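These notes concern the structure reproduced below.
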Amino acid sequence: MFESFYGLSKTPFARDIPTDQLYQSVTLEEILGRLEHAANRQLFAVVTGDCGTGKTTTIRCFKDSLDSAKFMVMYLADSKLTPRHFYKGLLEQLGCEAKFYRGDAKRQLHREIELMRGIHHMQPVVIVDEAHLLDKEMLEEVRFLLNFKMDAESLMTLILVGQSELWERLQLQSYAAIRQRIDLQFKIPYLDRAQVGEYIKRRLAYSGADHDIFSDSAVNEIFRFSSGAARLVNKVCTHCLLYGAQNVRRIIDDHMVKLVIQGELS
Ligand SMILES: Nc1ncnc2c1ncn2[C@@H]1O[C@H](COP(=O)(O)OP(=O)(O)O)[C@@H](O)[C@H]1O
Ligand SMILES: [Mg+2]
């Protein structure tokens, strides 16, 4: 409803923004470049970042950027992932019905991946999102996936994506075997003040706005509240637009942002 008040053709801060409409920060470009490198060389990469900083969005963008004739992307995001579900999930994405026993399913997956590579000349890319929620057993299983053929060759690109505590866990001595196999690691940072301003502009442009709706001082407040986490920027901006439309304010200033944060978000 605020869309018509502000003359917007799309909801500006919605989650399902198409990947070609994202805010292209320098970091996003850089990470996409490195992930592409990982996909071309079948490397093992770990991407971490705090909640709402854009990890899943980055992966979505990466998936869309890959040549679908060359790469087969398998994506799993299941907090209760067990080894059996892991193999089952991957096999399902390959259009196969998984064998019941874990060991059988694992061999089946290896066979399917070899076929994919050898016959179809496709490179598998396995992405496990929310990986900070995986237990030790599951992370070990992931490691075994990389251990194929006694380390002689890498069978696939593997990307673990998770909150920052994943990286902290991987520093523990008991995870040394996994850690040593990591080829690339990066952390998605929070947006800085200037980037939050650009991010909001990009989102508004996407939704068809023909003028700036948030004043500079409003962006300062949004930055302070969100610390530069995109999800929180979306949330506070959406609340402000609702409030602004109800109170007939074309421009949203810092005073209004503070009111909204105090009244609805804290
Ligand atoms: N570069 C970006 N451009 C536009 N929106 C983004 C960008 N990065 C993140 N977002 C938005 O921020 C929200 C949170 O991002 P998400 O990728 O889900 O974070 P995470 O997976 O790190 O918790 C999503 O709704 C997403 O649309
Ligand atoms: Mg996510």
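Coordinate-derived values only; no laboratory data. If you're wondering where the values come from, they're calculated on a predicted model, not measured in any experiment. In this analysis, Cβ positions are derived from the backbone assuming ideal geometry, glycine residues included, and neighbour counts consider all displayed protein chains.
Length, then width, then depth: along the principal axes, the Cα atoms of the chain run 65, 40, 32 Å. The distance linking segment 1-59 with segment 152-195 is 18 Å (Cα centroid to Cα centroid, whole angstrom). Working from Cα pairs under 8 Å separated by at least six residues, relative contact order for segment 52-149 is 36 percent. The relative contact order of the chain, computed from alpha carbon pairs under 8 Å that lie at least 6 residues apart in sequence, is 28 percent. The phi torsions of segment 114-120, fed into the Karplus equation with coefficients 6.51, -1.76 and 1.60 and a -60° offset, translate into couplings of 5, 5, 4, 6, x, 9, 8 Hz, rounded to whole numbers, with Gly and Pro shown as x. Taking 31 Å as the cut-off for C-alpha to C-alpha distance, list the pairs among K187/K235; K10/K55; K80/K258 that go past it. Flagged as over cut-off: K80/K258.
Under a Cβ-Cβ cut-off of 10 Å, what is the net charge of the residues other than L158 that fall near it, where Lys and Arg count +1 and Asp and Glu count -1?
So the environment of L158 carries a net charge of +1.
Using the Cβ-Cβ distance between Q171 and S217 with R0 = 30 Å, the FRET efficiency computed as 1/(1 + (r/R0)^6) comes to roughly 0.15. In segment 164-243, Cα pairs under 8 Å separated by at least six residues give a relative contact order of 29 percent.
Assuming R0 = 51 Å, what is the FRET efficiency of Y101 and R193, from their Cβ-Cβ distance, to the nearest 0.05?
Details: r = 54 Å, r/R0 = 1.06.
With R0 = 51 Å, the Cβ-Cβ based efficiency is 0.40.
Taking label points 7 Å from Cα along the Cα-to-Cβ direction, I182 and S4 give a separation of 5.1 nm.
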